[in-house]
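Take a look at the structure below.
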Amino acid sequence: MDAPMDATSLETIELFESRVHRLEYTLYGEATPEHQTAEDATIAEKLEDLERRFASLVTHVPDPAQSAGLVSQMERMKALEVTQLAQAADIAELRIRSEEVIRRWYETNALTPSDFIAEMEHRVSRVERLVRRAELEEDSL
């Protein structure tokens, strides 16, 4: 009768370890080797390790009252999400409009004077060439 009891105990420990491992995986992702129970450990050591690991998992389970509070806020959070999406769309539209305003300002207040200055420089250089020609013709006479 000892052998079936030992087998049952070992199976129970293995199942418990498997469940703890699944919980660790759910909470943390991949299990790290330090959380693996050594194969040559005694049953008492395995149980102690599993208890320690399980206790550390329990600290990560939120208080039911907090969870209920979050669930009760779902409608409000959905409304806030809708508001945020609308604000994001408004911001995107404002960015486009701001870009258009800045482009118009740049074209009228920066490029127009630059074009005017370039045109004046071109005219001045043409007049300077005419003056130099006239001076050269005058000197050659």
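The values are calculated or read from the model by the stated rules, or taken from the named source; none is laboratory data. Since the model is a prediction, treat every value here as computed from it, not as a measurement. All Cβ positions, even for glycine, are placed from backbone atoms using ideal geometry, and neighbour counts span all protein chains on display.
Computed values, structure above
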item	result
Residues located in the stretch 25-56, provided they are under 30 Å from the mean Cα position of the chain (by Cα) and at pLDDT 85 or above	Tyr25, Ser56
Close pairs from the stretch 44-59: first farther than 17 Å from Tyr25 by Cβ, partner modelled with pLDDT under 90 and polar (S, T, N, Q), Cβ under 9 Å, at least 6 apart	Glu45/Thr37; Lys46/Thr37
Count of residues meeting criterion [surrounded by 10 or more Cβ atoms within 10 Å (Cβ to Cβ), assigned to a helix (DSSP H, G or I) and of a type outside the set (A, V, I, L, M)] in the stretch 42-67	10
Condition broken by Leu57, with the remaining ones in (1) of a type in the set (A, V, I, L, M); (2) in the same structural domain as Glu17 (by TED's automatic domain parsing); (3) out of contact with any helix residue (DSSP H, G or I) (no Cβ under 6 Å at 6 or more places or on another chain) satisfied	(3)
Some residue of the stretch 65-78 being of a type in the set (Asp, Glu), under 30 Å from Tyr28 (Cα atoms), modelled with pLDDT under 90 and under 39 Å from the mean Cα position of the chain (by Cα)	no
